[in-house]
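K.L.:
Structure below; questions to follow.
The values are calculated or read from the model by the stated rules, or taken from the named source; none is laboratory data. Values in this document were obtained by computation on a predicted structure and should not be read as measured data. Ideal geometry is used to build each Cβ from the backbone, glycine not excepted, and the neighbour counts take in all protein chains shown.
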Amino acid sequence: MYIFSEYQEQGFLILENFVSSIICDQLRQQTAKLVSEFEPQTVKNIFTTNEQSRISNKYFFDSSEKINFFFEENAFDNKANLCQSKELSINKIGHALHELDSVFKNFSYNNKIARLAIELGLKEPVIIQSMYIFKQPNIGGEVNCHQDSTFLYTEPEPVIGLWFALEDATIENGCLWAIPKAHKLGLKSRFIRATDDTTSFKILDNTQWDLTKLIPLEVKKGSLIVLHGLLPHLSYANKSRFSRHAYTLHLIDKNWHYAKDNWLQRNNLPLNSLSIRS
């Protein structure tokens, strides 16, 4: 009951020591294996949160049911060559790690996460997407202030984000920042995918957030940050020499309405229930 009420009041929760150091390292090791097998010559998609330059293409849409790789904005030089190794150039991997990779699937569907989902009020929780975020040293890009429900819109309740710190997240290496209780102000915009696969932002409320109320969510390795879908949050660029790896899941209830004009649509992968397993 405490977890649910605190989450509803503040818009976020910090649960320390949710994941053991050993499991954090296992997830990082598996990611290193995936990166080593990835051939960057085949794709050079860049991830950006700048709304004026956001690019939506087939590779991006297909990632809803695949394990796809997205580079940092500053990963390439003016001749489209990587400025440094691929291991230090990838922004994130998404968005079906939890279904298609055995290590991430085993972690994502564990009983501890299932129990938490139920404590947060989900009756039949399912995972709609997963991401591995690198926040690379020196070039880890800024993520603008946003709400997760802008991109994953559901009714009657908003999506729930789970952000697992696989390394210490500090102000220096680009930790999350959030505006406590600002989830109560409602949804500002929606990212809409049209039937022809063009995308646009639909503005619902053009008032600005008070960014002076942002607070840093510095956490230690193994901590979990739970994010309300309407909570405004961001992370600044990482200009330090330390990475800030994190794994994220977004949960919804199978009985909720999931908007058909959300960018992420799952047509082939099943929505497996996140349930307590014996």
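K.L.:
Find the residue count for the range 206-244, including only residues that are surrounded by 11 or more Cβ atoms within 10 Å (Cβ to Cβ), part of a loop (DSSP other than H, G, I, E, B) and not charged (D, E, K, R).
P.N.:
So in the range 206-244, the residues surrounded by 11 or more Cβ atoms within 10 Å (Cβ to Cβ) come out as 209-211, 213-240, 242-244.
Next, from what is left, pick out any that are part of a loop (DSSP other than H, G, I, E, B): 209-210, 214, 218, 220-223, 229-232, 236-237, 239-240, 242-244.
Imposing the further condition that a residue be not charged (D, E, K, R) reduces the set to 209, 214, 222-223, 229-232, 236-237, 240, 242-243.
Within the range 206-244, residues that are surrounded by 11 or more Cβ atoms within 10 Å (Cβ to Cβ), part of a loop (DSSP other than H, G, I, E, B) and not charged (D, E, K, R) number 13.
K.L.:
Also: Looking at Ile192, Ile203, which one is surrounded by 14 or more Cβ atoms within 10 Å (Cβ to Cβ), modelled with pLDDT of 95 or more and under 22 Å from Leu152 (Cα atoms)?
P.N.:
Working: Ile203 fails: surrounded by 14 or more Cβ atoms within 10 Å (Cβ to Cβ).
Just one listed residue meets the conditions, Ile192.
K.L.:
Additional query: Considering only residues of the range 192-215 that are free of Cβ contacts under 8 Å to residues at least 40 places away in the same chain and of a type in the set (Asp, Glu), which is farthest from Leu231 (Cα to Cα)?
P.N.:
Asp196
K.L.:
May I pose another question? Within the range 240-278, track down each residue that is among the β-branched types (Val, Ile, Thr) and farther than 30 Å from Glu142 by Cβ. Quick ask: steps written out before the conclusion?
P.N.:
Our first condition is that a residue be among the β-branched types (Val, Ile, Thr); within the range 240-278, this holds for 248, 252, 276.
Passing the criteria: only Ile276.
K.L.:
Condition check: within 27 Å of Ala182 (Cβ to Cβ), part of a loop (DSSP other than H, G, I, E, B) and within 12 Å of the chain's Cα centre (by Cα). Does Leu152 satisfy that? Write out each step before concluding.
P.N.:
On the way: within 27 Å of Ala182 (Cβ to Cβ): yes; part of a loop (DSSP other than H, G, I, E, B): yes; within 12 Å of the chain's Cα centre (by Cα): yes.
Answer is yes for this residue.
K.L.:
Here's a follow-up. Which residues, taken from the range 159-202, are assigned to a strand (DSSP E or B), more than 19 Å from the chain's Cα centre (by Cα) and of a type in the set (S, T, N, Q)?
P.N.:
Thr199, Ser200
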